[in-house]
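Peer 1: The structure's right below; bear with me while I get my questions together.
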Amino acid sequence: MFDAFLRILALTLKELLAVLKEPRSRNSLLIPPMLQCLIFGYAATYDLNDVPYAVLDHDRSAASHDLLAHLDGSGVFRRIANLNRAADIKTAIDERRALLIIQIDQDFERRLLSGLPVAVQMIADGRNSNTAGTAMGYVGAIVEAFNADWRAVHAQASPPIRVAVRAWYNPNLETRWNMIPGLIGTLTMMQTLLLAAMSVAREREQGTFDQLLVTPFRPVEIMAGKALPAMLIGMVQATTILLVAQLWFHIPFAGSFVTLYAGLSVFLLAAVGIGLLVSSVAATMQQAMLFSFVLVMPFTLLAGLTTPISSIPRALQYFTLVNPLRYAIDITQRVYLEGAGLSRLLPDLWPLAVLAAVSLAAAAWMFRHRLT
Amino acid sequence: MMPITPQTSPNGMMPVIPQTSPIGRAPVKRIWALVRKEAYQMVRDPSSIAIGVVLPVLLILLFGYGLSLDVWHVPVAIVLEDPSPDTRELAARFQLSPYFDVQLLPAMPLARELMLARKVDAIVRIRPDFARHLSHGDAEVQLLIHGTDANHARIVQSYVQGAVGQWAAQRAAEGHEVATGPVSLRERLWFNETYESRYFLVPGLIVLIMTLIGAFLTAMVMAREWERGTLEALFVTPVRVDEILLGKTIPYFAMGMVGLVLCVLASKFLFHVPLRGSVWVLAGVSALYLLVALGIGLLISAALKSQFVASQVTLLVTFMPAFMLSGFLFDLRSMPAPVRLITYVLPARYYVALLQTVFLAGDLWSVVLPNAAVLAGMAAVLLLLTRGVTRKKLA
């Protein structure tokens, strides 16, 4: 037992050395996650803070100016032009100079003053309909604020029904609060899986795997010796990203770090297991890279980080059940925002444990039964 | 053409044997030989055919169906603390809507449990005194949303507000006194009237897929030759560096274009994304982008000379940036200035703008020409850089 432990330790050390001794590969493991977290932390947000818009104001009255002042004063909308003709709308949108066009009719103020309902037309560039939809939602809220002001000044009745909104866990609905915790799993998985997948493929391509097989190592020990270093590196990467999230972005952390790390270890075990399984199937490094990529891409995109899992068609949702990242993102987000404890994370933890067990067992079996 | 005198290669390393065959034809023949060699290698190792042809189809099917920001069947708990005809009618609005899957509950504690377990995404609470307040004209519907996925939460919020607003409008039409406005918005979404998120996601996916297959096809090839020492074998042949690079680029370019055609066919016939521009513009800008992607792969591979490091670097500089920083999902204008500067260096940014425009808006030359010019420039720079890095010199 103790011998086995020593052997695994020796292999782990050798494996870590192989990755870390070369400055290029050392740097490629630590610096990118940090940079990526910084850059994507800023980039990955659905919140808008700069919406260029143009105005076609046929009324040019005090009321229309007041409405536009509400827009300009929001800090989000930036007026790039006052259009004169309807024909200008097309060029402003086509050339992507404006995301929105606000069109105000001639009788805007007159109708307002006489208490008649008025419609303001808004045209949006739908080439990215999500961005456009968000921007239009912002305009809607600003128009509501204008209405409330107008009713207060002109003593009109307020609408009979209001919807009072309160969001749990993320009161201002900031995308960054769920994106950055989600990045911990996403960025870590990509490199850990690839690292595990390449480690055996490299030995195979260089012919050293056969040498390893004639040593007293048992296949299980070889597996452990390959899995441990990849997990360790994954942990260091996850910690790096966590530090950026905490110290740079100041994302509020409601849960406990023990829970988070417990969840991450199970996740990394599953990711490494899948990597090793890829490695045991691939004959060359190119194949290993290709296979892991074919897995990493759907894992990343269909994990519920950028588009919700509930929007995926039922049949494809079953596929996400074998996606370790899906559970990892859920775990990090819930620990971060909801402060969830281990018992509430069980629905995420047991599938990860099953994934890890199955993939590692399958990889071990493949190693034993394949000698090419 | 040059006179037949002994020449030296650009770095002066080794004399190049004077050509004896007709000079103009020789390079073509040599390139052709290299292309054939590369093609044989591709056919014998099915993994690169898999990258070029199977992967794009697989990815476009998987993500074309899988990626969507359209929200349907949101699980919602409606807590009716005041069961009256009015409130039942309001609840029925939610029950009949395809956007919600409603659970009607009599009290809050149970709804809270469901929300904690994330069985529902939102709670619509109608308080006991709703009917009385409604007659006074100041009723309130409380909406509690699970905010963990902020974007989703915002969409749910707008749906709920929409449903309540429609109910109010219907009451107004039935003669109840209701004041809306005074100002209301009439929205129109150009190029995508029905808010299909697929319309912009599928062109974006093509960008991702082309980035991947382009860079991955070539990321390993030069490094592999370095690692196996076969590049040294090529050095002693009369083949020039340019010719080696061309010999590597041409077959992979051809394969990448096959992948592109498959993707475009899928987006047109499976996902029904309108193609409002011309096929030729689409093919032209895509060819440019494919050259850029191949160039990135070649450059990484030639500069790093190690398959392992090349694979890591390719992963880092292609997939995630094309996903996060290209304007495919996230609005570029809302990024802080330093991050936005980075996006200008990324070719994916220009290709996303091109594809979204060519697919949804048509051949708008004011968008197509500048973006295509940038891509052409990038392709030229990358191929020149690769040529500079690949010397006929031992490391």
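Peer 1: Of (1) polar (S, T, N, Q); (2) within 23 Å of B:N371 (Cα to Cα); (3) more than 9 Å from chain B (Cβ to nearest Cβ), A:T91 satisfies all except one. Which?
Peer 2: Of everything listed in (1) polar (S, T, N, Q); (2) within 23 Å of B:N371 (Cα to Cα); (3) more than 9 Å from chain B (Cβ to nearest Cβ), A:T91 misses just condition (3).
Peer 1: Turning to a different aspect of this structure: In the list A:A119, A:A148, A:A44, which residue meets the criterion of being farther than 28 Å from B:A172 by Cβ and either modelled with pLDDT of 85 or more or of a type outside the set (S, T, Y) (or both)?
Peer 2: It is A:A44.
Peer 1: Then there's this: Please verify whether B:L282 is touching a Phe, Trp or Tyr at 6+ places or on another chain (Cβ under 7 Å), touching a residue at least 60 places away in the same chain (Cβ under 8 Å) and among the aliphatic types (A, V, I, L, M), treating the condition exactly as stated. Write out each step before concluding.
Peer 2: Numbers: touching a Phe, Trp or Tyr at 6+ places or on another chain (Cβ under 7 Å): no; touching a residue at least 60 places away in the same chain (Cβ under 8 Å): yes; among the aliphatic types (A, V, I, L, M): yes.
In short, no.
Peer 1: Filter segment B:102-113 for residues that are within 20 Å of B:Y159 (Cα to Cα) and either in contact with a Cys (Cβ under 9 Å, 6 or more places away or on another chain) or surrounded by fewer than 17 Cβ atoms within 10 Å (Cβ to Cβ) (or both) and give the result.
Peer 2: Of everything in segment B:102-113, just one residue is within 20 Å of B:Y159 (Cα to Cα) and either in contact with a Cys (Cβ under 9 Å, 6 or more places away or on another chain) or surrounded by fewer than 17 Cβ atoms within 10 Å (Cβ to Cβ) (or both), namely B:L104.
Peer 1: Residue by residue through segment A:59-90, note down the ones that are among the aliphatic types (A, V, I, L, M), assigned to a helix (DSSP H, G or I) and within 39 Å of the chain's Cα centre (by Cα).
Peer 2: Kept after step one, since they are among the aliphatic types (A, V, I, L, M), are these residues of segment A:59-90: A:62-63, A:67-69, A:71, A:76, A:80-81, A:83, A:86-87, A:89.
Add one more test, that the residue is assigned to a helix (DSSP H, G or I), and what stays is A:62-63, A:67-69, A:71, A:87, A:89.
Selection gives A:L67, A:L68, A:A69, A:L71, A:I89.
Peer 1: Follow-up question, since we're still on this one. Looking at segment B:114-138 only, could you name the residues that are assigned to a loop (DSSP other than H, G, I, E, B) and either touching a residue at least 24 places away in the same chain (Cβ under 8 Å) or touching a Cys at 6+ places or on another chain (Cβ under 7 Å) (or both)?
Peer 2: Listed by number, the residues that qualify are B:R118, B:K119, B:V120, B:D121, B:R127, B:P128, B:D129, B:G137.
Peer 1: Give just the number: which of (1) in contact with a Gly (Cβ under 9 Å, 6 or more places away or on another chain); (2) modelled with pLDDT under 85 does B:F308 not satisfy?
Peer 2: (1)
Peer 1: Quick check on segment B:318-325. Is at least one of its residues more than 10 Å from chain A (Cβ to nearest Cβ), touching a residue at least 24 places away in the same chain (Cβ under 8 Å), over 26 Å from B:D242 (Cα atoms) and not in a helix (DSSP H, G or I)?
Peer 2: No, there is no match, as no residue in segment B:318-325 is more than 10 Å from chain A (Cβ to nearest Cβ), touching a residue at least 24 places away in the same chain (Cβ under 8 Å), over 26 Å from B:D242 (Cα atoms) and not in a helix (DSSP H, G or I).
Peer 1: Of the residues A:P52, A:P23, which single one is in contact with a Lys or Arg (Cβ under 6 Å, 6 or more places away or on another chain) and either more than 10 Å from every other protein chain (Cβ to nearest Cβ) or within 30 Å of B:V367 (Cα to Cα) (or both)?
Peer 2: Numbers: A:P23 fails: in contact with a Lys or Arg (Cβ under 6 Å, 6 or more places away or on another chain).
Being in contact with a Lys or Arg (Cβ under 6 Å, 6 or more places away or on another chain) and either more than 10 Å from every other protein chain (Cβ to nearest Cβ) or within 30 Å of B:V367 (Cα to Cα) (or both) holds for just one of A:P52, A:P23, which is A:P52.
Peer 1: Conditions: (1) surrounded by fewer than 24 Cβ atoms within 10 Å (Cβ to Cβ); (2) under 27 Å from B:V389 (Cβ atoms); (3) at the interface with chain A (Cβ under 9 Å from one of its Cβ atoms); (4) under 17 Å from the mean Cα position of the chain (by Cα). B:V309 meets all but one. Number of the miss?
Peer 2: Result: B:V309 fails condition (4) only.
Peer 1: Before we move on, is B:R36 within 14 Å of another protein chain (Cβ to nearest Cβ), part of a helix (DSSP H, G or I) and at pLDDT 80 or above? Give the steps one after another, and end with the answer.
Peer 2: Values: within 14 Å of another protein chain (Cβ to nearest Cβ): no; part of a helix (DSSP H, G or I): yes; at pLDDT 80 or above: yes.
For B:R36, the condition - within 14 Å of another protein chain (Cβ to nearest Cβ), part of a helix (DSSP H, G or I) and at pLDDT 80 or above - is not met.
Peer 1: Of all residues being more than 8 Å from chain A (Cβ to nearest Cβ) and closer than 17 Å to B:K248 by Cα in segment B:47-81, which is surrounded by the most Cβ atoms within 10 Å (Cβ to Cβ)? Just the residue, please.
Peer 2: Checking each candidate, the answer is B:G52.
The values are calculated or read from the model by the stated rules, or taken from the named source; none is laboratory data. Computed from a predicted model, the values in this text were never measured in an experiment. We place every Cβ from the backbone using ideal geometry, glycine too, and count neighbours over all the protein chains shown.
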